[in-house]
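Enquirer: Just passing along the structure, written as structure tokens.
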């Protein structure tokens, strides 16, 4: 007899467990259904009241960047505007490396406005057989095969992380900006510039003075690609100019220029 009671007890336990499972599952499914039902009611109400996204307005960006932002957004027209998170929208916008900063606003009843400041490329960084547009922090924006805006080309170890400082100085001199073609960081210590085909060797120290001197030299009509190969500014207060046509090197004291 005792064994039969054990068997009956086990069956009861299984029955209770199955019943409990079914009850929980029923409640869970009911809650899911109820939640879905109320979500549908909320969405329909929002639509009737006009609180569904009807327009996504992106300002301050080029068409290329607008298209990229739209492809990253996980929202669309007719979404309930109250259910959308401004932070989630912001995160989607910032996925584009062309976006420097953005502000997202929900303009009730039915418009999402995204104000964008685009990243401005400052140079093309060539390394490992690729060319990349970089921003002022040296970060890659995108790879390129052509120069989109006559940007200077830079190369050398860590050139992308160091170029902003020297470009900030160069930008003060229009005559250099117009002629600037490339910059090479030499052993992470100093820069060589290429200006209208002329190689300009800058010093490690007192770069501002050297660039100011270069601007003065370039105003001389005799200094051009046909007459000049190298301008060496590495020695303070002493300029060495190498000509292409063979009188050799000319040494010019700074004060005489």
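Coordinate-derived values only; no laboratory data. No experiment lies behind these values; they were computed from the predicted model shown. Heads up, the Cβs are rebuilt from the backbone with ideal geometry, glycines too, and the neighbour counts pull from every protein chain shown.
Enquirer: For residue 204 and residue 86, FRET efficiency with R0 = 51 Å and r from the beta-carbon atoms, rounded to 0.05?
Expert: 0.60
Enquirer: Oh, and also: In angstroms, what radius of gyration and Dmax does the range 179-219 have, counting Cα atoms only?
Expert: 10.0, 30
Enquirer: Quick check: residue separation of residue 117 and residue 20 times 0.36 nm, minus the Cα distance between them. What number comes out in nm?
Expert: Full extension of this stretch gives 29.2 nm more.
Enquirer: Using 7 Å Cα-to-Cβ label points, what is the residue 242/residue 54 separation (nm, one decimal)?
Expert: Placing both labels 7 Å beyond Cα along the Cβ direction yields 7.0 nm.
Enquirer: Between residue 226 and residue 95, what length in nm is gained on full extension when 0.36 nm per residue of separation is reduced by their alpha carbon distance?
Expert: Taking 0.36 nm per residue and subtracting the Cα distance, the gain is 42.4 nm.
Enquirer: More than 21 angstrom separation, counting every C-alpha pair in the range 55-118; what % is that?
Expert: That fraction is 13 percent.
Enquirer: Distances over 11 Å make up what percent of all Cα-Cα pairs in the range 91-130?
Expert: 71 percent
Enquirer: Mind giving me the nanometre distance, one decimal, between the label points for residue 234 and residue 219, set 7 Å out from Cα along Cα→Cβ?
Expert: My value for the distance between the label points is 2.8 nm.
Enquirer: Can you give me the distance in nm between label points at residue 187 and residue 131, each placed 7 Å from the Cα along the Cα-to-Cβ direction?
Expert: 2.9 nm
Enquirer: Report the gain in length on full extension from residue 151 to residue 165: 0.36 nm times residue separation, minus Cα-Cα distance, nm rounded to one decimal.
Expert: My answer for the length gained is 3.5 nm.
Enquirer: Please sort 53-60, 196-203 by packing, taking for each peptide the average over its residues of neighbouring beta carbons within 10 angstrom, highest first.
Expert: Packing order, densest peptide first, comes out as 196-203, 53-60.
Enquirer: Over the Cα atoms of the range 123-256, what Rg and Dmax result, in angstrom?
Expert: 15.1, 46
Enquirer: Using alpha-carbon positions, what is the distance between the centroids of the range 195-245 and the range 106-169, in Å?
Expert: 28 Å
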